[in-house]
Amino acid sequence: MPPDTRSERLAAAPRWWAHPAVGIAIVLWAMLAGALGLGLWHLRQDTLETQSQLLASIASSTADELQRGVQGVVIALQAAREDLDEGLPDTGARLRRRAALLPMVRNLWVLGPDGQVLAASTALPPPPMADYLPTPFGLDTDTVAFSAPFRDPGEGDASVALAMRWSRGGLQGWVLGTMPAGAMLGAFPRAVPAADTRLAVLRADGAVLGGTLRQNTVERGAEPQALADTTGPAPVAFDDHSRRLVQRRRVEPLGLTVVLTRDAGAVLARWADIRRLVGWSLLAIAATLALLLWWLLRAEAHSRRLQRRLGRVRALEALGTLAGGVAHDFNNILAAVLGYGEMAREGAAPDSALARQLDQVIAAALRGKGVVERILAFSRGASRPTAVFALEPMVEQTLALIAATLPAGVRLERRLEAPAACVRGDSAALFEAVMNLCTNARLAMPEQGVLGVRVQQRTVAEARELSHGNVAPGRWLVLEISDTGEGMSAATLERLFEPFFTTRGHKGTGLGLALVHGVVQDMGGAIDVWTRPGAGSRFSLWLPEVPAPAEAGTAEPPAAPEAPRGQGQAVLVVDDDPALVALAEESLAELGYEPVGFDDAERALAEVQADPARFDLVLTDEVMPGMNGTALAARLQALRPELPVLLMSGFGGAQLQQRAQAAGVRRVLAKPLQRDELARAIAGCLEVPL
């Protein structure tokens with residue numbers, strides 16, 4: 001953002017958080033995020049529930065298989081006890097046959113009251129009678145005790161011992177059997193659903209008899225009994241920072257528990273991928289919405305600026321139209337004052353008081369004419385002569401005049417950096433515009449400050465938007481006039497170029513900046529205004545640079561000859577103001593012509609139609625009720641093509657020139673007219689010798 005348009009941009013910028021579209025976008029995004037979040041929560045619960053059901057099914061199958069396998073060992077123990085009860089001979093051979101027939105049984109022993117071996121299926125010693133649950137010494141005859149896992153010396157892997165009590169005739173002891181600890185897992189190792197699934201068979205005290213869930217993991221994760229009681233879809237937190245799903249199944253007749261776990265992170269891995277995808281999608285949607293909202297707010301701010309400028313342009317056009325109408329009426333008044341003043345001045349004695357007074361009247365009328373020209377310049381109804389001229393020499397002339405008026409405390413700083421650069425336009429109008437800006441800058445610093453004037457060449461690569469207009473790509477001359485005065489408020493900046501608007505009360509006319517605006521627009525340029533209360537102001541006039549002319553003449557124009565006189569030629573005068581008709585008739589009569597005046601165009605046309613050859617020239621006003629001057633000229637050309645027509649107007653402009661040329665008008669004269677100017681124009685049309 002260029003600093004020169006900051007005030008206008010800040011004024012047009014909305015509070016983004018108060019924009020309805022922002023609230024709607026936030027609500028829609030929140031609803032979408034809420035719906036997706038709810039969907040993710042349900043998906044997580046469904047995933048955990050499904051996996052928990054699968055684990056529960058595996059745990060149930062494993063528990064049933066464990067019960068069947070252990071029950072075979074228990075049957076072998078019961079059979080051995082029955083052999084003892086019946087007193088059958090060769091108990092050792094029977095134990096060996098049973099151990100060979102049952103795949104889950106490795107070895108069988110019959111122990112006496114003191115733990116001595118009474119019979120065995122193997123020569124290996126029995127496992128020690130320690131670390132059993134329940135304790136073997138307090139067993140009833142129907143209860144099975146399980147030992148902790150131990151290393152089987154015959155097989156080299158882990159085994160678990162089962163013990164049952166026997167008694168006969170006052171004697172008692174135990175029947176022992178061993179089985180592989182891995183056999184307690186059944187088919188689980190071959191049907192494991194995932195690598196992170198763990199299985200354990202626990203005694204009532206929580207000791208792990210077999211499985212892939214390590215004893216230290218169970219001990220760190222929870223109390224063994226608490227772990228055995230835990231089940232459901234909610235993950236359980238372990239002390240090793242893992243979270244696992246837990247399913248357990250009790251084998252009631254044996255006092256064992258099957259515990260099956262799976263890592264919750266692995267179960268929810270796919271769900272976590274979906275969650276990340278949804279999260280990134282929500283972020284992308286939020287970024288897209290933010291980008292769209294930024295574009296919308298910027299477009300609306302730009303639209304508001306354009307509407308403000310359009311309103312300002314329309315206001316200036318309306319005021320210009322009003323100013324043009326005022327100028328037209330004022331022109332008629334000035335024409336009478338100037339015309340009668342000139343005639344009275346000719347009749348006054350030289351060096352008399354009356355002559356001096358009439359000179360003041362004429363001078364005042366000419367000043368009023370200058371004011372009218374400024375009003376017409378603003379309304380863009382009056383045309384300006386255009387020529388190619390160097391900008392810096394004109395600026396130097398302005399600074400030479402303004403330097404003499406600066407207070408002692410105001411310093412002039414000039415930076416003229418484009419000595420040969422040229423622009424096209426009305427040099428006199430631009431001179432007056434620069435003088436107005438310098439005068440305003442001086443008035444903004446009544447006691448002290450810095451008046452800065454800078455001319456520089458700028459190349460614009462892309463179209464730029466300024467505070468008052470736009471510049472297209474190309475080469476530009478930028479004339480900057482700045483001051484360190486009190487600056488302007490936003491309200492003043494808004495009405496800066498309105499005609500008749502002034503902050504100096506009765507001391508200002510309010511036409512200076514309006515003239516600046518009109519001059520710069522006529523030259524195809526734009527204005528950039530920067531201001532800050534208490535920090536001063538800067539006006540940058542952007543003018544299109546044009547190539548320098550190949551050769552410029554410096555000869556002084558010849559002195560104007562004396563006004564020529566007529567030889568009795570008949571001149572038809574047409575104006576809707578009777579006073580101006582009378583003035584023109586009297587002036588033309590003094591110049592040697594025979595004037596005939598009408599204040600109605602229809603009556604004047606009828607007079608020519610009655611006798612087309614009567615008049616030698618027609619002098620008509622443009623703005624008249626009914627038929628205007630160009631329409632009258634066109635009708636007269638149809639009657640008599642060689643009849644010269646002079647058109648008077650207080651507006652002028654390119655459009656009037658085109659209409660006048662199409663109607664056959666010889667020349668367009670700007671009102672109010674001085675007598676010498678009128679005399680030369682008539683003489684030129686009638687070819688009167690000068």
*Output the residues belonging to the stretch 379-402 that are in a helix (DSSP H, G or I) and at pLDDT 85 or above.*
LEU391, GLU392, PRO393, MET394, VAL395, GLU396, GLN397, THR398, LEU399, ALA400, ILE402
*What are the residues in the stretch 132-142 that are in a loop (DSSP other than H, G, I, E, B) and surrounded by 15 or more Cβ atoms within 10 Å (Cβ to Cβ), if any?*
PRO134, LEU139
*What number of residues within the stretch 146-158 satisfy the criterion of being part of a strand (DSSP E or B) and surrounded by fewer than 23 Cβ atoms within 10 Å (Cβ to Cβ)?*
3
_Conditions (1) farther than 26 Å from PHE150 by Cβ; (2) in a loop (DSSP other than H, G, I, E, B); number of the one not met by PRO125_ = (1)
*Return yes when GLY182 is touching a Gly at 6+ places or on another chain (Cβ under 8 Å) and touching a residue at least 60 places away in the same chain (Cβ under 8 Å) and no when it is not.*
no
_Filtered residue count, the stretch 131-162, keeping only those that are without any contact (Cβ under 8 Å) to a residue 40 or more places away in the chain, of a type in the set (Gly, Ala, Ser) and touching a strand residue (DSSP E or B) at 6+ places or on another chain (Cβ under 8 Å)_ = 3
*Tell me, which strands (runs of 3 or more DSSP E) wholly within the stretch 431-549 include 2 or more residues that are at pLDDT 85 or above, closer than 28 Å to ALA390 by Cβ and open to solvent by less than 10 Å² (accessible area, probe 1.4 Å)?*
448-460, 474-483, 526-532, 536-544
_Residue count, the stretch 589-606 (criterion: touching a strand residue (DSSP E or B) at 6+ places or on another chain (Cβ under 7 Å) and in contact (Cβ under 8 Å) with a residue 40 or more places away in the chain)_ = 1
*If we scan the stretch 163-183, do we find a residue that is modelled with pLDDT under 90, of a type outside the set (Gly, Ala, Ser), part of a loop (DSSP other than H, G, I, E, B) and open to solvent by 30 Å² or more (accessible area, probe 1.4 Å)?*
no
*List pairs: first in the stretch 353-369 and open to solvent by 60 Å² or more (accessible area, probe 1.4 Å), second outside any helix (DSSP H, G or I), Cβ under 7 Å, 6+ apart or cross-chain?*
LEU354/ALA348
*Given the structure, is ALA145 of a type outside the set (D, E, K, R) and in contact with a helix residue (DSSP H, G or I) (Cβ under 6 Å, 6 or more places away or on another chain)?*
yes
*Could you identify the single residue in LEU108, LEU95 that is of a type outside the set (Phe, Trp, Tyr), at pLDDT 90 or above and open to solvent by less than 50 Å² (accessible area, probe 1.4 Å)?*
LEU108
*Subset of the stretch 21-36 [free of Cβ contacts under 8 Å to residues at least 40 places away in the same chain and open to solvent by less than 70 Å² (accessible area, probe 1.4 Å)]*: GLY23, ALA30, GLY34, ALA35
*Checking SER57 against (1) over 60 Å from the mean Cα position of the chain (by Cα); (2) closer than 21 Å to GLU252 by Cα, which test does it fail?*
(1)
*Report the residue count in the stretch 566-576 for those that are open to solvent by 30 Å² or more (accessible area, probe 1.4 Å) and either more than 60 Å from the chain's Cα centre (by Cα) or farther than 21 Å from ARG667 by Cβ (or both).*
3
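The values are calculated or read from the model by the stated rules, or taken from the named source; none is laboratory data. Just so you know, these numbers come straight off a predicted model, no measurement behind them. Note that we place each Cβ from the backbone using ideal geometry, even for glycine, and neighbour counts take in every protein chain shown. Please note that ligands, DNA and RNA were not included when accessible areas were found on the heavy atoms of the full protein model with its side chains. Shrake-Rupley method; radii C 1.70, N 1.55, O 1.52, S 1.80 Å.
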